[in-house]
Structures are given as C-alpha cells and as structure tokens.
1. Can you tell me the order of 368-375, 288-295, 301-308 when each peptide is scored by its average per-residue count of other Cβ atoms within 10 angstrom, highest first?
2. Take the alpha-carbon centre of the stretch 285-335, take the same for the stretch 232-258, and report the distance between them in whole Å.
3. Spelling out what I want: for every residue of the stretch 390-395, take phi, set θ = phi - 60°, compute 6.51 cos²θ - 1.76 cosθ + 1.60 (Karplus), and round to whole Hz; glycine and proline get x.
4. Order by neighbour count: Leu121, Leu85, Leu181, fewest other Cβ atoms within 10 Å first, most last.
5. If you put +1 on each Lys and Arg Cβ and -1 on each Asp and Glu Cβ, how big is the dipole of the chain around its Cα centre, in Debye rounded to 20?
6. State the Kirkwood hydrodynamic radius of the chain in Å, one decimal place, computed from all pairs of distinct Cα atoms.
7. Can you put Lys103, Lys250 in order of Cβ neighbours within 10 angstrom, beginning with the fewest?
8. Which order do the peptides 166-174, 67-75 come out in when sorted by mean C-beta neighbours inside 10 angstrom, highest first?
Amino acid sequence: MSRIPVFVAVVAMAACRPLPLGPPASLPEGAPPVQHGRHDEALIAAVDAEVQAFLEAFPQPGLAVALFAPGEVLYTGAYGWSGLLPPRPLTLDTPIRLSSVSKTLIGVAAMQAEAAGNVGLDTPLEALVDFDVSNPHHPGTITLRHALTHTTGIEDTHAYDASYAPGDPTEPLGTFLEGYLRPDGAHWRSGNFASRAPGAAFSYSNVGAALAAHALAQAADRPFDVLVRETVLTPLGMADTAYFFEDVPKAPATLHAPAVGRRFRAWAPYGYPTYPDGMLHSTAPDLARFGAMVLGGGTLDGVDVLTPALVDTMLTVDPAIGTDEDGQALVWARRMLDGRALMGHNGGDFGSFADLWMDREAGVGFALLTTLEPSHRMDLIGLLALEAALLRVAEAAVGR
C-alpha cells in the first residue's frame, strides 16, 4: 500500500508475499457497464468522455470516479467490472481497496485527538503504547508528528512484506508492531530502524503510519477501526466503507494484476496486520463525502468532523521535510499537477491504485479508484492526464 511517486515507473510487486493469483481472463465483449449518481446530463457527458477515452487507451477491469467541492458531492460514477470470473458489474456501492489513501483517516484521527486534548502532535509514542518505541541504532524520542510525517526512522523491510496473507489479518495490530519494533520481537530485523535520529529525514513508512494509528487507538481506548467508524464514517454517512472484509456490507471489487494480451489475473482477497495504512475499502460516493468534508473545512451536511483550523494544520506543508511528492504535511502530501497545487494522497498495492486530491484554491477535488495495479510508466502518465481533465471538468461544474 505504499505511496507511488508520480513520474516514476512502477516496478513489479515483490514475489515473496504468499498471495495466490487466478487464471488469466479477458474483459467481457461489448461496452462495459456504467453507473452514475444523480447528476445533470452535461456533467455526466463531460466525465464520461474523459473516462471512456482513458479506458480505450488503458483497458482495465473496473474504475470508480468522484468529483467534489467544499461540502458538496458533484459527481460519482462506476465503470466496468467488479470481477471477471464470472463477470460482475462494478456498482456505486461496490467497495474498492483504497491502499495508502487509507492513511488520510489517520491524519483526521490525529487532528480529532489533538482537539480533544487526548494527544499532542509532539507526544512521545512511548507514552501512548505499551511497548518500547526507540531506535536501537540512534537515541532520540519518536513522536506522533514523526509518525505522521514519515520521519520516525522506521523502515518497511521484508518482515513487513511477509505480513501479507489471504483474508483479513489474524495478528493484532499492536502485537505485530511490538514484534517489529523490539529487538527481541518476532518480526525484528536490524533494518527495521534506520541509523538516523527521529525527525532527521523523510522515508515513507507504512509501519510508521500504522504505529501512529495504533497510538491514537490506545489513547482513545478502542481499536482504530472502531475509532474511525465512530468519529468519521458513521457521522459522514459512509455506510459502505470499512477496513475488514467481514465488516463491509457488500463484497469488495476483485483486484487484478495485468497479464499478457490485455488480460487480467485476479488476486485472492488479502490483508495485513498494519491495516490502518492501506486496508480501507470504500466507494466513490463515500470517498466523495469524505473529500467534500475536508475541502469544506471539516464540515459536511451540518456535521462537524474537524474545525477549519484543524484542517489547515493537517494540510500545512512543512518545508523542512523532504518527500517523494512536492511537499509533506501531516499524512497528507502536496502534489503539483497541471499547474495546480493539490493536497491529498495516492496509493498502490496488489491490484489496486487509488488517488484522492483537492485543489483548495479552486475549491474542487477528485477521487479515482481502480482495480488494477499500474504496470508501467505509461499507465501513470495516462492516469495523471485523466486526473487533470477531471479537475477541469469539476471546476467548470462549480463555475456554472
């Protein structure tokens, strides 16, 4: 579920993870099904033109799109197939893996904890969890801020890769983290920590982000998935969003790897103990509501999830922190696209690519969810062109 740098070719996923692949399958004959929300015909036609052109150039099983403005969902659509063997249409209520876009919920939870006075951004993580969180290679206190900005010094090693397994995770988040971070732990490797001080340098870390989620959960005295459901998902009416397969109301879309000859192979459903960093499943309508809340200063339909000041804090880039994007805030990142400064996050995993970005100055944003992992640089360039076009469509819509 690592974040994918924008103009970097996607390398093949590591083969060491014990995840089975199904047989190759082709897309069904004929036009793929399309489902829209209730939008005006001009907006539907504009989005359709851009998405269908992308799918013609870059065929893939399924894709969901959302456009939003401050406190308002502009458009939602689902294109193609939830699965190929047998063919099942992708619908607006079919959950899709968000991969690292899941991390944006960690940022929101951190701001809520700050507002409640439970946790400060500079609180040492050792004060929040019941195991040692220190770098044996380098002294220094690791704080929540470090975990939210990928500056803990915690690295994702083979021990993290090996945690992937079919189905929902069976090892609790805290147990895995303790085993990963303690030198005598079951998942310990000397490379799990870099030889540098906390806060010294940016290094994207899924385990570090999951540690932030675990610390927030411990402070709230409830599992992180329960915390997010009670404070974000339920208040926003995101009924089709959940981390675990056992909790989603409808089976999530099948995730696919590219195969020879424009065919696709299905990944078996999989999970990992560090679920807050990438296992959230959601839909275009649900994710549009989440984006509209953030872009609206923390409020949607009269529900206050954050204050405008907390949203500003969460989305403020720290120029002292290096990043694989164009700036790092608290979990969220800045990206330049088509001359726009966007705030958001992307993510990729086995069979998954997801994007959630917003132009705060123009007051528009988009979400894009696919059921196919990008296989080469041209895929990413095509996705970026589609995303730039979607932002132009959204800006035209709010200008009417």
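1. Ranked by mean Cβ neighbours within 10 Å, highest first: 288-295, 368-375, 301-308.
2. 21 Å
3. Result, rounded to whole Hz: 4, 5, 5, 4, 5, 5.
4. Leu85, Leu121, Leu181
5. Around 700 debye, computed over the chain.
6. 21.1 Å
7. The fewest-first ordering by Cβ neighbours comes to Lys250, Lys103.
8. Result, highest mean first: 67-75, 166-174.
Computed from the coordinates by the stated procedures, all read-outs in this text should not be read as laboratory data. No experiment lies behind these values; they were computed from the predicted model shown. No Cβ is skipped: glycine too gets one built from the backbone with ideal geometry, and neighbour counts run over all protein chains shown.
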